[in-house]
1. When residues of the range 335-356 are filtered for being more than 16 Å from ligand 2 (Cβ to nearest atom) and open to solvent by less than 10 Å² (accessible area, probe 1.4 Å), how many remain?
2. State which residue pairs qualify: first residue more than 25 Å from residue 283 (Cα to Cα) and inside the range 212-234, second residue of a type in the set (Asp, Glu) and exposed (fewer than 12 other Cβ atoms within 10 Å of the Cβ) in any location, beta carbons under 9 Å apart, and separation of 6 or more residues or different chains.
3. Please enumerate the residues belonging to the range 101-127 that are polar (S, T, N, Q) and over 19 Å from residue 43 (Cβ atoms).
4. Considering only the range 13-34, I want to know if a residue exists there that is open to solvent by 80 Å² or more (accessible area, probe 1.4 Å), touching a helix residue (DSSP H, G or I) at 6+ places or on another chain (Cβ under 6 Å) and touching a residue at least 24 places away in the same chain (Cβ under 8 Å).
5. Can you name the residue in the range 424-438 that is assigned to a strand (DSSP E or B) and within 11 Å of residue 370 (Cβ to Cβ) and, of all such residues, is most open to solvent (accessible area, probe 1.4 Å)?
6. Determine which member of the set 274, 215, 295, 238 is surrounded by 12 or more Cβ atoms within 10 Å (Cβ to Cβ) and modelled with pLDDT under 85.
7. Any residue at all in the range 367-376 that is surrounded by fewer than 21 Cβ atoms within 10 Å (Cβ to Cβ) and either of a type in the set (Phe, Trp, Tyr) or over 25 Å from residue 307 (Cα atoms) (or both)?
8. Determine, yes or no, whether residue 247 is assigned to a loop (DSSP other than H, G, I, E, B), more than 24 Å from residue 415 (Cα to Cα) and out of contact with any Leu (no Cβ under 8 Å at 6 or more places or on another chain).
Amino acid sequence: MIRQWLHDRMPRSLIARVALILVLPVVTLQLVVSIAFVQRYYEDVTRQMTHALLLELRFLGEAVAAAPDRPTALAYATSIAAPLELDVALPAPAPLAEILPRWDLAGRAMAETLHEGLPDLRAVDLSEPRRVAIQMATPQGDLRVGFSRRRVAATNPHQLLVLTGVLGALTTAVSYLVLRNQVRPIQRLARAATAYGRGRILPFRPSGALEVRAAGTAFLDMRARIERQSQARTAMLAGISHDLRTPLTRLRLGLTLLDDPEAEDLVRDVDDMARMIDAFLDFARGDAGDAPEAARLPPLVREVVEDFRRTGHAVALAPLEGADPGPVPLRPLAIRRALENLIGNALAHGTRARVGLAFGDRSIRLTVEDDGPGIPPDRREEALRPFARLDAARNQDRPGVGLGLAIVADIARTHGGTLRLGESADLGGLRADLVIAR
Ligand SMILES: Nc1ncnc2c1ncn2[C@@H]1O[C@H](COP(=O)(O)OP(=O)(O)OP(=O)(O)O)[C@@H](O)[C@H]1O
Ligand SMILES: [Mg+2]
């Protein structure tokens, strides 16, 4: 539960997380130090300074108490107060109320010390920022004394806090800049990997910290190996198909020359084999096909649909969903082939097909639906596998290798997407969604 809570609230990006990890302890430390240490320190200093003043106030109070009458008392008080930089008034102009602002912790400590040391003290007034007024009871009436606050409290106790705050902000800014440079190689690696997932090879050089560089090098090794493998696959399949074609052509020629009715079946078999070889070549060429470019999808889809219509097929085009973002990076020939495969399947199993195009925030969906029997959910995964042909009996009269959907799935993958099979809600047959990343 706590993990889920943390997971929901943790910032997403690496830089924000590291900042949090760095800033949180520093801020906590500063708070603890300033509250526990700084505050106590200033309070102690204030108490000591107040204590020194206390002696003078006591002396003043005793002098006033010793005077026989009020004028003498006032003369005593004035003569003592002047060199000590105290203002005195006797009698006090008005009763004084105790005013101690809540946030003024040093002031409260001072008032406390004064009350403890001067039993005759009536009130302390800290309502003025720089001056303190107190009132004491004497036999000659209330005595008002005023003095500068600097005499009893350390000045500018907040300077240290301001300084730490400014320094903290400065170091945070510097570490943010440094950190951003550390994150950049990771972002570059992510970009290169994403692009490769969509079939594009971006120039990439590992950089940054040791661990990041290691990941980058591993990615480059992996990419090179995959490239080598797919090139080897293409070369091998192309070679085999090419080498097989010549003897097949010879075989077909020989069979037709035999002029035997039995041989007709064999000629058909040979034709099937030739078609399969073409399909292999197609499949092998799959991801080595055309280069990615920025192309607009709606005209491309319309063209494919028109091509099928011209040959007399019932293919409808559903209205466009979402806003057309203009050209998007894709392999136009591959997308065209994928669409042709899906529509070909739809027409082979049903009587009519409908093609839809939808633009989402992060993905683009091409949908082909038909009114055929569809594929039951538990066999859909199997249908995507190369050479998989479901329901062999039903398919026997239709030529096919079972590579069509595998090729489409491959094309989807090289565009950073997937091929999903489902059931068409309107037409009742298969619904194939080719989803590609934007
Ligand atoms: N629209 C569809 N309706 C019903 N079943 C389908 C549909 N599309 C494909 N299938 C089933 O999935 C299997 C695999 O399809 P896939 O396109 O990969 O091969 P194929 O059409 O048999 O041969 P190929 O396309 O290579 O000529 C098909 O044999 C068929 O049984
Ligand atoms: Mg097919």
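The values are calculated or read from the model by the stated rules, or taken from the named source; none is laboratory data. Worth saying up front: this structure is predicted, and the values here are computed from it rather than measured. Using ideal geometry, Cβ is built from the backbone for each residue, glycine included, and neighbour counts are taken over all protein chains shown. Note: accessible area is taken over every heavy atom of the protein model, side chains too, but ligands, DNA and RNA are not part of it. Shrake-Rupley method; radii C 1.70, N 1.55, O 1.52, S 1.80 Å.
1. 1
2. From the range 212-234, no pairs qualify.
3. 127
4. Checked the range 13-34: at least one residue is open to solvent by 80 Å² or more (accessible area, probe 1.4 Å), touching a helix residue (DSSP H, G or I) at 6+ places or on another chain (Cβ under 6 Å) and touching a residue at least 24 places away in the same chain (Cβ under 8 Å).
5. 431
6. 238
7. yes
8. no
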